[in-house]
Amino acid sequence: MLTFKNFNIADWFSFYRIFAAPFLLTLIWFDQRVIFTWVLLLSYSTDAIDGYLARKLKITSPRGSQLDSFGDQITLIVGLIGLFYFEAEFIKTNLILILIAFVPYIIQMVIAYWKYGKATAFHTYLAKLSAVVQSAFILWSLFITPDYTLFYIMIAVGLIETFEEITLIFMYDNWASDVKGVFWAYRDKRRLKKKS
């Protein structure tokens, strides 16, 4: 049975992102762009902190990975909602390109739920890079103004990362966490074949 004692410090940083989401949505509702952006920055910062603590304190776990991924997804969605609200003109201008990037992500989520019954938590190097670029673009857009160079980099990295996630889903019959990428997954599978 899960109780508060079962969760470690890294888990609580992930919980913060989940608990902060309704507050962030409230700030959007009341048109508080500056406060929203600073709180969003804090949420993005906890993503880096919880991963670092989990590795440093050697408290990584499949549950923690899934919780971290859930917190990441909620924060990304709230950040995008904020971007859609506060930079509506930019979104309208680039809607087709945004949909081109977003549709494969939805497909990846559907495949993951169909195969595993839950979202992936591979936490690949590409996923981490994509998260950094996404957060940098969203924060830059909200603090200053949307930057097209960052926007195109975000779209490109996001698409490559999504296709890697789909590839990994088909490579792993069972749900797995903390996979560095396709190259490492392929190498590990070859090692297992040689041993058997």
Neighbour-count ranking [beta-carbon atoms within 10 angstrom, fewest first] of Leu83, Leu25: Leu25, Leu83
Residues Ile9, Ile155, Ile96, sorted so that the one with the fewest Cβ neighbours within 10 Å comes first: Ile96, Ile9, Ile155
Fully extended contour minus Cα-Cα distance, from Ile107 to Ser45, at 0.36 nm per residue: 19.5 nm
Gain upon complete extension [Tyr85, Lys58; 0.36 nm per residue less C-alpha separation]: 5.8 nm
Relative exposure of Met154, Met171, judged by other C-beta atoms within 10 Å (fewest first): Met171, Met154
Phi to ³J(HN,Hα) by Karplus 6.51 cos²θ - 1.76 cosθ + 1.60 over segment 20-34, Hz, x for Gly, Pro: 6, 4, x, 5, 4, 5, 5, 5, 5, 4, 8, 6, 9, 4, 5
Cα-Cα over 25 Å, subset of Lys58/Lys115; Lys56/Lys115; Lys58/Lys180; Lys118/Lys195: Lys58/Lys115; Lys56/Lys115; Lys118/Lys195
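Readers should treat all values here as calculations from the given coordinates under stated rules, not as data from a laboratory. The structure displayed is predicted, hence computed values, not measured ones. For neighbour counting, all protein chains shown are included, and Cβ atoms are generated from backbone atoms with ideal geometry for every residue, glycine included.
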